[in-house]
1. Can you tell which of Ser252, Ser234 is within 18 Å of Thr355 (Cα to Cα), polar (S, T, N, Q) and buried (at least 19 other Cβ atoms within 10 Å of the Cβ)?
2. With the checklist (1) touching a residue at least 24 places away in the same chain (Cβ under 8 Å); (2) farther than 30 Å from Arg229 by Cβ in hand, flag the one item Val162 doesn't pass.
3. Would you be able to say whether some residue in region 194-214 is among the small types (Gly, Ala, Ser), more than 27 Å from Pro277 (Cβ to Cβ) and in contact with a helix residue (DSSP H, G or I) (Cβ under 9 Å, 6 or more places away or on another chain)?
4. Given the conditions (1) under 30 Å from Pro112 (Cα atoms); (2) open to solvent by 40 Å² or more (accessible area, probe 1.4 Å); (3) in contact (Cβ under 8 Å) with a residue 40 or more places away in the chain, which single one is not true for Phe157?
5. So Ala380 passes all but one of these: (1) surrounded by fewer than 24 Cβ atoms within 10 Å (Cβ to Cβ); (2) part of a helix (DSSP H, G or I). Which condition number does it fail?
6. For the structure I just gave you, tell me whether Val232 is more than 30 Å from Tyr142 (Cα to Cα) and in a helix (DSSP H, G or I).
7. Is at least one residue of region 291-299 outside any loop (DSSP other than H, G, I, E, B), of a type in the set (Asp, Glu) and closer than 25 Å to Ser49 by Cα?
8. Identify the residue in region 102-138 that is touching a strand residue (DSSP E or B) at 6+ places or on another chain (Cβ under 9 Å), outside any helix (DSSP H, G or I) and farther than 17 Å from Ser365 by Cβ and, among all such residues, is least open to solvent (accessible area, probe 1.4 Å).
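The values are calculated or read from the model by the stated rules, or taken from the named source; none is laboratory data. What you see is a predicted model, and the numbers here were worked out from it, not measured in a lab. In this analysis, Cβ positions are derived from the backbone assuming ideal geometry, glycine residues included, and neighbour counts consider all displayed protein chains. Heavy atoms of the whole protein, side chains included, go into the accessibility calculation; ligands, DNA and RNA do not. Shrake-Rupley method; radii C 1.70, N 1.55, O 1.52, S 1.80 Å.
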Amino acid sequence: MVELPQAPLHRFKIFRMEKVNWEWWWDIDPPLFWSTLILLSLGIVMVFSASMTTGLDLFADPFFFLKRHLVGLGVSLPFFVAASVFNLELLRRLSRKLLVFSFILLILVFVPGIGREVGGAYRWLAIGFQPSELAKLSVILYMADALVHYRDRAQDFIYGVVPFLLVVGGTCLLVLLAPSLGTALFLVIIAFLMLYLGGRRIFHLLLPVIIIIPTVFFLVFFSGNVYWRARVESFLNPEKDPLGKGFQIIQSLIALGSGGIFGLGLGESRQKFFYLPERHTDFIFAIIGEEFGFVGTLSILVLFGVILWRGWRIAVQTQNEFEGLLAMGLTLSIFVQATINLSVVLKIIPITGITLPLMSYGNSSLLITLIKIGILFNIASRKKGNVG
């Protein structure tokens, strides 16, 4: 009888088996921990401040959105803890399965009874989860694994770049059908950054841009999608329709301008009284600017800068190539999402529907963001002595 070789037991353990220093997160990486905690705490305060008028008007309860936000945070924290101690080798082996699972969920949003339509878009499952958020995480995990696995193809465009473009392009196609152009562009940006960090040549990465830019232009102006075109037109000339398409961005700029240097004070926003739409979700940064002024908004930028700094340090200090690329992808995804959101609020780019990580009301985004940060702590704890 032939004995089959057995795989190492640790490959199948859910949580790490190696000897690690079981320390609190504030001991593993204090700047990352406190930056995350402060942003989460400010998010709780600002979700309540920005949503109380909406909750009172729609549900006769000023605490309606705050309570749901706290429930979402309570659900997300165990996932954060699990991500910080999960077996990263097992996570790597599950990356492709997770990507396929994300594809399935993105398709299920169109199935009656399973998906849910909100504002003419099919982005939600009936259970209240947004699959595109999971897609953001699964694409990063898949690319971190595949870029390391196929490192020998780094200089080959056909075999080293095109397969990734097909995978990301397929994900973006499902997201675009929702429709969510902002999320699709976010995935493209993250994919290109990870391909570059994974050793792909810049010339090879510029080639797809020749296709992507005209494609986006066509989708916005000639595909017949009124939703996307209205957003671009409101960005280019909001004053043309100040009570319609341009209303949201105009009110956002008014909120930011009203805050001045130090703001009107916590809870003193005027734009939240049914002037600024999406004030507790996509445009919560405008309310922060109105109530805490330039000092408050600058503080938010600094905190996200700290997350970028610490995540990058964790990535470059690890000795594991997969973990390093994964840490870079997760860190950049949080920073890029924050940058896109702030750019929308400041009228630098058109409205995208991207939330502000850790701060906006939106439990799907909060869950996935905390999982990303949990993985960063996981990687940092394995090489804590080298992260300084």
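1. Details: Ser234 fails: within 18 Å of Thr355 (Cα to Cα).
The unique qualifying residue is Ser252.
2. With respect to (1) touching a residue at least 24 places away in the same chain (Cβ under 8 Å); (2) farther than 30 Å from Arg229 by Cβ, Val162 is out only on (1).
3. Our first condition is that a residue be among the small types (Gly, Ala, Ser); within region 194-214, this holds for 198-199.
Filter once more, so that each one left must be more than 27 Å from Pro277 (Cβ to Cβ): 198-199.
Narrowing the set further to residues that are in contact with a helix residue (DSSP H, G or I) (Cβ under 9 Å, 6 or more places away or on another chain) leaves 198-199.
For region 194-214, residues among the small types (Gly, Ala, Ser), more than 27 Å from Pro277 (Cβ to Cβ) and in contact with a helix residue (DSSP H, G or I) (Cβ under 9 Å, 6 or more places away or on another chain): present.
4. Here Phe157 clears every test but (1).
5. Ala380 satisfies all of (1) surrounded by fewer than 24 Cβ atoms within 10 Å (Cβ to Cβ); (2) part of a helix (DSSP H, G or I) except (1).
6. Details: more than 30 Å from Tyr142 (Cα to Cα): yes; in a helix (DSSP H, G or I): yes.
Taking the combined requirement at face value, the residue satisfies it.
7. Applying the first criterion (outside any loop (DSSP other than H, G, I, E, B)) to region 291-299 yields 291-299.
Narrowing the set further to residues that are of a type in the set (Asp, Glu) leaves 291.
Within this subset, residues satisfying the condition of being closer than 25 Å to Ser49 by Cα are 291.
Yes, the conditions are met somewhere in region 291-299.
8. It comes out as Gly115.
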